[in-house]
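Every read-out reported here was derived from the displayed coordinates using simple, explicitly stated rules and does not represent laboratory data. Small disclaimer: the values here were computed from a predicted structure and weren't measured. Neighbour counts run over all protein chains shown; Cβ positions are idealised from the backbone, glycine included.
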Amino acid sequence: MSVTTGRAAPSGAAGESSRINATWQEVAADGGLAAPAHHDLALDHTQLRSLYRLMALSRRVDRQAINLTRQGALGVFASSQGQEAAQVGAVFALDDEDWLFPSYRDSVATFARGVDIVEVLALFQGSWHCGFDPYRYRVAPQTTPVATQALHATGLAMAARMRGDPIVALTLFGEGAASEGDAHEAMNMAGVYQAPVVFLVQNNQYAISVPVSRQTRTESIALRAPGCGMPGVRVDGNDVLSVYGAVRAAVDRARAGGGPTLVEAVTYRLEAHTTADDETRYRNADEVATWRANDPVQRFAQTLRDLGVLDDALTAEVEAEGEELAARMRDSLFGAPAGDPREMFEHVYATPTPALNEQRALLDGELSAEGDA
């Protein structure tokens, strides 16, 4: 999807524009964070409604995925609840030909990029490593290994620069993943080669059970950017407009040849790390309640109501669309035919190794025994 920023929006009822401020902090010359700066965004009412629709639908499909996991249709799920502004705002800043490199928690971002939510959930169902065509959607497979997608995004961006292809790669990862060597190597290489890539760190306060205070001694992950030769920006990750504005500025800069940018979106995951996690062991209910009061979906809805952009009719329309999506998720996942587990051995090696053949033989024996029983 294409969006505009910093330019006049179309006139008329359908394209009526609103001057909206986006706020973010940049790394100052002294190595600290500068005072928050306000930037005008030119988003017309149609674009604002599209942002709201994506956020509200994302919340609904995320909740349905959690329910499907509890009902046995999915093996596990990593919720994005509370991080819709960070993921949707960032993806909304991309052009159609740009690429997204998500992590396992970025199902909302993948959905917002246009991937069918049923195809997104193939990973969590265990039917395929990736249930969609990456080239069709310009979305790489969601990665379970932590921070590897940052390297993939940098490699694609470097190749695009060499080929003169005016595309930008956006990669998403958490503050825990920012501590991984892969993330540091990716950002360093991107800085050296001025690759057109945007690194969005979703600082959701916890790397599983480890709080951000034990991940870094600095006041912001964005402060790591100068060490890699790129700008660093810190935004309110629960404000979709600020995330969009900062990422769009970074995307425009990368496309113009200015190199990479590190954006830190400060947010919070309202659900557990995954549906297999018990978050009550490491955080208290009061903390969650405080962040829930800053819910990004409700917050943006109120902003649009104040602007006269959102009304009850549109809210009801989006809610109905969300229920249709949820019903299709249920029907598709519960009604999906059982796959052949032998498929896991295909396309691993051009010529299967002896160990792989041995493992397949063991599985064949187990399946035959079950069939006889």
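Taking the chain as a Gaussian network of alpha-carbon nodes connected by springs under 10 Å, the highest mean-square fluctuation of the residues 305, 138, 60 belongs to 305.
Any idea what diffusion coefficient region 156-235 gets from Stokes-Einstein, in µm²/s, Kirkwood Rh on alpha carbon pairs, 10 °C, 1.306 mPa s? Roughly 119 µm²/s, to the nearest whole number.
Shape verdict for region 282-330, please, from the Cα gyration tensor: rounded (a/c under 1.5), prolate (a/b greater than b/c) or oblate.
oblate
Under a Gaussian network description of the chain, with springs only between Cα atoms under 10 Å, the residue in 349, 206, 52 that fluctuates furthest is 349. Comparing 155, 72, 164 in a Gaussian network model of the chain where C-alpha atoms under 10 Å apart are linked, the largest mean-square fluctuation is found at 164.
Cβ neighbours within 10 Å, averaged per peptide: list 354-361, 225-232, 257-264, 19-26 in order, most packed at the top. The partial results should precede the final answer.
Details: 354-361: 11.4, 225-232: 19.6, 257-264: 23.4, 19-26: 17.4.
Per-residue mean Cβ counts within 10 Å order the peptides as 257-264, 225-232, 19-26, 354-361.
Multiplying the residue separation of residue 342 and residue 311 by 0.36 nm and subtracting their alpha-carbon distance yields 6.0 nm.
For the peptides 274-286, 78-90, residues were scored by their other Cβ atoms within 10 Å and the scores averaged per peptide; the highest-first order is 78-90, 274-286. Quick check: the angle from helix 181-193's long axis to the longest principal axis of the chain, C-alpha only, nearest 10 degrees? Relative to the chain, helix 181-193 is tipped by roughly 50 degrees. In the chain, the longest principal axis of the Cα atoms and the axis of helix 354-372 are about 70 degrees apart. Please give the helix 240-255 orientation as an angle from the longest Cα principal axis of the chain, in degrees from 0 to 90, rounded to the nearest 10. Rounded to the nearest ten degrees, it is 90. Overall size of the chain from C-alpha positions, given as principal axis extents largest first: 69, 50, 44 Å. Its residue count N fixes a reference of 2.2 N^0.38 Å for region 228-373, and the Cα radius of gyration divided by that reference is 1.67.
The overall shape of region 99-233, judged from the alpha-carbon gyration tensor, is oblate: a/c is not under 1.5, and a/b is no greater than b/c.
What number, rounded to the nearest 500 deg cm²/dmol, is the helix-based mean residue ellipticity at 222 nm of the chain, given -39500 (n - 2.57) per DSSP H run of at least four residues and division by all its residues? Numbers along the way, then the final one.
Working: 13 runs with 160 residues, N = 373.
Counting only the DSSP helices, I get -13500 deg cm²/dmol.
The alpha carbon centroids of region 54-89 and region 164-210 are separated by 23 Å.
Mind giving me the FRET efficiency for residue 293 and residue 133? R0 is 56 Å, r the Cβ-Cβ distance, nearest 0.05 is fine. Please report the intermediate quantities before stating the final value.
Details: r = 40 Å, r/R0 = 0.72.
E(calc), rounded to 0.05, equals 0.90.
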